[in-house]
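K.L.:
Dumping the structure here so I can ask a few things about it.
The values are calculated or read from the model by the stated rules, or taken from the named source; none is laboratory data. Please read these numbers as outputs of a predicted model, since none were measured by experiment. Methodologically, a virtual Cβ is constructed for each residue, glycine included, from the backbone with ideal geometry; neighbour enumeration extends over all protein chains shown.
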Amino acid sequence: VYLKKIDAYGFKSFAHKVTVEFDAGITGIVGPNGSGKSNITDAIKWVLGEQSAKKLRGQKMQDVIFSGTKTKKPLNYAEVTLFLDNSSGALNIDDNELIVSRRLYRNGDSEYLLNKEPARLKDVIDLFMDSGLGKDAFSIISQGKVDEVLNAKAIDRRVYVEEVAGVLKYKKKKEQSSDKLNKTIDNLNRVNDILSELE
Ligand code: ATP
């Protein structure tokens with residue numbers, strides 16, 4: 001899977017629609033401090049489902065919406081779209097291209113789109129999990145990440161290996177199933193309580 005293009009509008013410092021195209025190979029983004037280089041990687045993480053405002057260097061999620069400058073008014077929503085090439089078939093979908101969008105309004109309304117169809121956050125996360133492209137995967141290595149991996153405790157480092165090996169998806173599914181099982185046991189206990197009251 002490779003990232004072909006990003007469209008961003010109203011995301012952080014991008015007050016106008018910005019398109020960044022990536023050719024195969026390495027793309028370098030250069031610019032002065034504060035010019036918005038990291039905002040581009042934030043935008044990618046955001047579309048891939050990042051839920052932590054802090055990890056996007058903000059206080060609350062609405063901080064990703066363009067907040068205005070001396071000459072420009074704040075905007076009402078932020079929207080980022082990633083165009084991915086899936087001709088290798090690495091993502092579990094039929095199409096050769098995947099278009100993922102996320103939009104967030106100031107009032108907190110938010111939506112995800114997969115190939116222009118409304119989708120849930122879970123659909124986005126499931127699609128990218130184990131593809132090596134998830135928001136926490138190694139496709140985005142920000143400043144400090146290399147140190148973090150090198151200095152991580154063995155148990156934390158194992159999570160990285162599990163993501164790369166594709167185990168994480170099954171671990172998550174196992175957790176979800178065991179949650180469901182626990183809820184069902186609770187329900188069963190409640191039913192038994194009621195039954196014994198009735199007897
Ligand atoms: P450095 O090289 O210092 O890391 P950078 O090029 O990576 O800089 P970013 O951190 O991506 O720069 O961009 C920071 C800029 O984005 C700041 O000028 C900040 O004011 C602006 N910015 C962040 N959030 C918003 C927002 N919601 N509305 C408007 N501008 C924003």
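K.L.:
Are there any pairs with C-beta distances below 7 angstrom linking a residue in the range 104-131 that is farther than 16 Å from LEU82 by Cβ to a residue that is modelled with pLDDT under 95 and in a loop (DSSP other than H, G, I, E, B), with the two at least 6 apart or on different chains, and if so which?
P.N.:
Every condition considered, the pairs that remain are ASP130/GLY166.
K.L.:
Same structure again: Against the condition more than 28 Å from GLY28 (Cα to Cα) and either aromatic (Phe, Trp, Tyr) or buried (at least 16 other Cβ atoms within 10 Å of the Cβ) (or both), how does ALA154 come out, does it pass?
P.N.:
Values: more than 28 Å from GLY28 (Cα to Cα): yes; either aromatic (Phe, Trp, Tyr) or buried (at least 16 other Cβ atoms within 10 Å of the Cβ) (or both): no.
It is false that ALA154 is more than 28 Å from GLY28 (Cα to Cα) and either aromatic (Phe, Trp, Tyr) or buried (at least 16 other Cβ atoms within 10 Å of the Cβ) (or both).
K.L.:
Of all residues being surrounded by 19 or more Cβ atoms within 10 Å (Cβ to Cβ) and assigned to a helix (DSSP H, G or I) in the range 46-67, which is nearest to the ligand (Cβ to nearest atom)? Just the residue, please.
P.N.:
Only one residue fits best here, namely VAL64.
K.L.:
Looking at the range 30-45 only, could you name the residues that are within 6 Å of the ligand (Cβ to nearest atom) and in contact with a strand residue (DSSP E or B) (Cβ under 9 Å, 6 or more places away or on another chain)? So that I can check it myself, show each step before the final result.
P.N.:
Let us first name the residues in the range 30-45 that are within 6 Å of the ligand (Cβ to nearest atom), namely 31, 33-39.
Matches in the range 30-45: GLY36, ASN39.
K.L.:
Looking at (1) part of a loop (DSSP other than H, G, I, E, B); (2) charged (D, E, K, R); (3) within 14 Å of the ligand (Cβ to nearest atom); (4) within 29 Å of ASP95 (Cα to Cα), which one does ASP23 not meet, given that it meets all the others?
P.N.:
(3)
Here's the yes/no breakdown for (1) within 26 Å of LYS145 (Cβ to Cβ); (2) aliphatic (A, V, I, L, M):
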{"position": "ASP23", "(1), (2)": "yes, no"}
{"position": "GLY31", "(1), (2)": "yes, no"}
{"position": "VAL47", "(1), (2)": "yes, yes"}
{"position": "LYS54", "(1), (2)": "yes, no"}
{"position": "ASP63", "(1), (2)": "yes, no"}
{"position": "LEU91", "(1), (2)": "yes, yes"}
{"position": "ARG103", "(1), (2)": "no, no"}
{"position": "ILE125", "(1), (2)": "yes, yes"}
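K.L.:
Inspect the range 8-15 for any residue being more than 8 Å from the ligand (Cβ to nearest atom) and surrounded by fewer than 16 Cβ atoms within 10 Å (Cβ to Cβ) and give the result as yes or no.
P.N.:
No, the range 8-15 contains no residue that is more than 8 Å from the ligand (Cβ to nearest atom) and surrounded by fewer than 16 Cβ atoms within 10 Å (Cβ to Cβ).
K.L.:
Considering only residues that are without any contact (Cβ under 8 Å) to a residue 40 or more places away in the chain and at positive phi, which ones fall in the range 33-67?
P.N.:
GLY34, GLY36, ARG57
K.L.:
Another question, if that's okay. Here is a list: ILE93, ILE125, ILE99. Which entry is β-branched (Val, Ile, Thr) and assigned to a loop (DSSP other than H, G, I, E, B)? Walk me through it before giving the result.
P.N.:
Values: ILE125 fails: assigned to a loop (DSSP other than H, G, I, E, B); ILE99 fails: assigned to a loop (DSSP other than H, G, I, E, B).
After ruling out the rest, the residue left standing is ILE93.
K.L.:
Now a separate question. Listed residues LYS73, LYS45; which is under 12 Å from the mean Cα position of the chain (by Cα) and of a type outside the set (Val, Ile, Thr)?
P.N.:
On the way: LYS73 fails: under 12 Å from the mean Cα position of the chain (by Cα).
Selected residue: LYS45, the only one of LYS73, LYS45 that is under 12 Å from the mean Cα position of the chain (by Cα) and of a type outside the set (Val, Ile, Thr).
K.L.:
Applying the selection to the range 68-89, what residues are more than 26 Å from LEU3 (Cβ to Cβ) and loosely packed, with under 11 Cβ neighbours inside 10 Å?
P.N.:
Narrowing the range 68-89 to residues more than 26 Å from LEU3 (Cβ to Cβ): 68-74, 76.
Passing the criteria: THR69, LYS70, THR71, LYS73.
K.L.:
Looking for something within 12 Å of the ligand (Cβ to nearest atom), under 28 Å from GLY166 (Cβ atoms), at pLDDT 90 or above and not charged (D, E, K, R) - is there at least one such residue anywhere in the range 72-86?
P.N.:
no
K.L.:
Give the range 75-89 a look and list any residue that's assigned to a loop (DSSP other than H, G, I, E, B) and touching a residue at least 24 places away in the same chain (Cβ under 8 Å), or say none.
P.N.:
Let us first name the residues in the range 75-89 that are assigned to a loop (DSSP other than H, G, I, E, B), namely 75-76, 86-89.
LEU75, ASN76, ASN86, SER88 - these are the residues of the range 75-89 that are assigned to a loop (DSSP other than H, G, I, E, B) and touching a residue at least 24 places away in the same chain (Cβ under 8 Å).
For every residue, the table says whether it meets (1) closer than 16 Å to ILE93 by Cβ; (2) modelled with pLDDT of 85 or more; (3) of a type in the set (Lys, Arg).
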residue	(1), (2), (3)
ALA119	yes, yes, no
ASP126	yes, yes, no
ARG157	no, yes, yes
SER178	no, yes, no
